[in-house]
Structure formats: C-alpha cells, structure tokens
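A.B. asks: So that we are looking at the same thing, I have put the structure below in structure tokens.
The values are calculated or read from the model by the stated rules, or taken from the named source; none is laboratory data. Here the structure is a predicted model, which means the values were calculated and not measured. A quick note on method: Cβ atoms are made from the backbone with ideal geometry, for glycine too, and the neighbour counts reach across all protein chains shown. Please note that ligands, DNA and RNA were not included when accessible areas were found on the heavy atoms of the full protein model with its side chains. Shrake-Rupley method; radii C 1.70, N 1.55, O 1.52, S 1.80 Å.
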Amino acid sequence: MTNALTPSLGPADSRRAKLLALCGLAGALVFGLLPIAHWIAPGTSMPAMLAREGVWWCFALAVLVWLRFVERLPLSSIGFRRPTWKSVAFGVLAAVLLTAVFILQSAVIVPIFHLHQDVAAAVREKILHDPLWYRVLLVLRAAVVEEILFRGYLIEKVRQLSGSTVLAVMVSVAAFTYAHLSGWGIVHLIPVAAGGIIFALLYVWRQDLPSNMLGHFLVDAIGFLGR
C-alpha cells in the first residue's frame, strides 16, 4: 500500500527492494544464529569478552547502515521512533509479564515436571561474578542489538518478503529462541521463547523499538545486575 509520502514502486524497483531485503535478512540470520563473535574472539578473558561485545555492536551498526544506505529505508521502518511515556509504560509492562513467566517457571513448571536448571544456573552464576560495569554493557548490548536484529529488522523483512505478520512473528520467535540454545540449556528456552513471543507481539502492535529495548533491558537487569 502506498500513500502520498511513499512513491509507488515499479516492478524493477520492487524486485530490487525484495532482493535487498532477502540479502539483508539472510545476513542477519547467519550472524544472529551462528557463533561468529566467538569464532572471531574465542576465550574467556576479559579482552576476548569485550571483543565479542564489540563484534555484536558492529553487526548492529552494519544492519542499520545496510537498511539506510543500501535498502534506502528510514530507521523508522524498523520501529525507531522518539520514545514517549507510552514507550516507557509498555516496556515496563512487557518486563513485568516476562518476569512473571520466569517466576512461574521456577515456582511451578520446574517442580511439577522435575526439570533441571543446572546449566542456566551455572551460566548465570558465572556472569554474576563478572564486574558490574561489564554486566551493564552485556545487558545494554543484549537489549539494543537483539531488538534491532530479532524484532525490528527481522520482522519487517519477513513481512516485506512474505506479506505475513504471523510468519514474521513465528520466524522472530524461532530465531530468538534458537540463538539462546547454545550454552543455556533446554529448560531456559521456556522463558526465552515466552520473551520472544511477548517482545514480537509488542513490536508488531506498537512498532516502537525503544519500548522493546527498555523492556528487554529491565528483564535482563533483574537477572544480571542484582548482585
């Protein structure tokens, strides 16, 4: 659908736009789902961990540059907008809902089904022993980069290519969940998948990426900045 502010695309322009969207989507999925940052900067030393964080930030920047200067679309096309009080309110609400899922998992689901959270608990404990300043960087990167990648860009490109919001949400949730499989264990994927659903639906409803980023930051901050 076009309007007075969006010129109608001819067949050649439309094909070009879809080809660029497909290339961008493929690149986003490859980088988001493969441990490329770990390949570039392996190891557990602080310089290696900081290098991996830098790789993720560089990738997010590359996505935005591709969107703006190759696809020639504004950043608003993936939900970047000036935050308002509604951005804050819905971000906090999303964080509350996902926190409730974490509580439900630990208090109800895990005991009933006799599940084990040893892997996720060990990973969290290791992170909690890192310096606070590094954990702040980690949480901030997850909130900003993952929302750009798995919500704003991925959802909009799948919608552009398929015309289906339902498919876009499904791909977003699946990719986000799979990206957290390595290292965290199967049980941890329950709240991760729930978070993927909550944040994908919030994005589709509001198309307000700062709201998603705030909600994501608050949830991770509760888990990793509390000590």
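A.B. asks: Subtracting the Cα-Cα distance from 0.36 nm times the residue separation, let me have the gained length for S106 to H129 in nm, one decimal. Mind showing how you got there, number by number?
C.D. replies: Working: separation 23, 0.36 × 23 = 8.28 nm, distance 2.19 nm.
Here the segment from S106 to H129 would lengthen by 6.1 nm.
A.B. asks: Could you please report the charge total around W85, scoring K, R as +1 and D, E as -1 over all other residues with beta-carbon less than 15 angstrom from its beta-carbon?
C.D. replies: Combined, the nearby Lys, Arg, Asp and Glu give +3.
A.B. asks: I've got another one for you. Skip the ligands, DNA and RNA, and give the accessible area per residue of the chain with a 1.4 Å probe, whole Å².
C.D. replies: 54 Å²
A.B. asks: Between S45 and S77, what is 0.36 nm times their sequence separation minus the Cα-Cα distance? Round to one decimal in nm. Present the calculation step by step, with values, prior to reporting the outcome.
C.D. replies: On the way: separation 32, 0.36 × 32 = 11.52 nm, distance 3.81 nm.
Separation in residues times 0.36 nm, less the Cα-Cα distance, equals 7.7 nm.
A.B. asks: Here is a follow-up. Kindly provide the helix-only [θ] at 222 nm of the chain, computed as the sum of -39,500 (n - 2.57) over DSSP H runs of four or more divided by all residues, to the nearest 500 deg cm²/dmol?
C.D. replies: Result for the chain, helices only: -22000 deg cm²/dmol.
A.B. asks: Taking the alpha-carbon distance from K157 and a cut-off under 24 Å, which lysines remain once sequence neighbours fewer than 8 residues away in the same chain are dropped?
C.D. replies: K18
A.B. asks: While we're looking at this one, here's another question. Which value, in nm² and rounded to one decimal, describes the direction-averaged projected area of the C-alpha convex hull of the chain?
C.D. replies: In nm², the orientation-averaged hull projection of the chain is 13.4.
A.B. asks: Next question, about the same structure. Take the Cα atoms of the stretch 137-196, find their three principal axes, and give me the spread along each one in whole Å, biggest first.
C.D. replies: Sorted largest first, the three principal extents are 33, 25, 16 Å.
A.B. asks: What ranking do 135-145, 115-125, 195-205, 26-36 get when scored by the average of other Cβ atoms within 10 Å per residue, highest first?
C.D. replies: 195-205, 135-145, 26-36, 115-125
A.B. asks: Go through A100, W184, T165 and say which Cα lies farthest out towards the positive end of the charge dipole of the chain; charges sit on Cβ, +1 for Lys and Arg, -1 for Asp and Glu.
C.D. replies: The residue sitting farthest along the positive end of the dipole is T165.
A.B. asks: Around V158, with a cut-off of 15 angstrom between Cβ atoms, what is the net charge of the other residues, counting Lys and Arg +1 and Asp and Glu -1?
C.D. replies: Result for the local shell: +2.
A.B. asks: Right, here's the next one. Check cross-link reach from K126 to the aspartates and glutamates: straight Cα distance under 19 Å, and skip same-chain residues fewer than eight apart.
C.D. replies: The qualifying aspartates and glutamates are E53, D118, D220.
A.B. asks: Among 168-175, 50-57, how do they line up from the highest to the lowest mean number of other beta-carbon atoms within 10 Å?
C.D. replies: 168-175, 50-57
A.B. asks: Which value, in debye to the nearest 20, gives the size of the charge dipole of the chain about its Cα centre, when Lys and Arg are +1 and Asp and Glu are -1 at the Cβ?
C.D. replies: Dipole of the chain, to the nearest 20 debye: 520 debye.
A.B. asks: Okay, next question. For the stretch 171-213, what % of the accessible area comes from carbon and sulfur atoms, probe 1.4 Å?
C.D. replies: Working: 1150 of 1610 Å².
Using a 1.4 Å probe with all protein chains present, the stretch 171-213 comes out at 72 percent carbon and sulfur.
A.B. asks: State the Cα centre-to-centre distance between the stretch 187-227 and the stretch 36-59 in whole Å.
C.D. replies: The two parts, judged by their Cα centres, are 23 Å apart.
A.B. asks: Based on the alpha-carbon gyration tensor of the stretch 33-119 and its eigenvalue square roots a ≥ b ≥ c, which shape applies: rounded if a/c is under 1.5, prolate if not and a/b is larger than b/c, or oblate?
C.D. replies: It is oblate, given that a/c is not under 1.5 and a/b is not larger than b/c.
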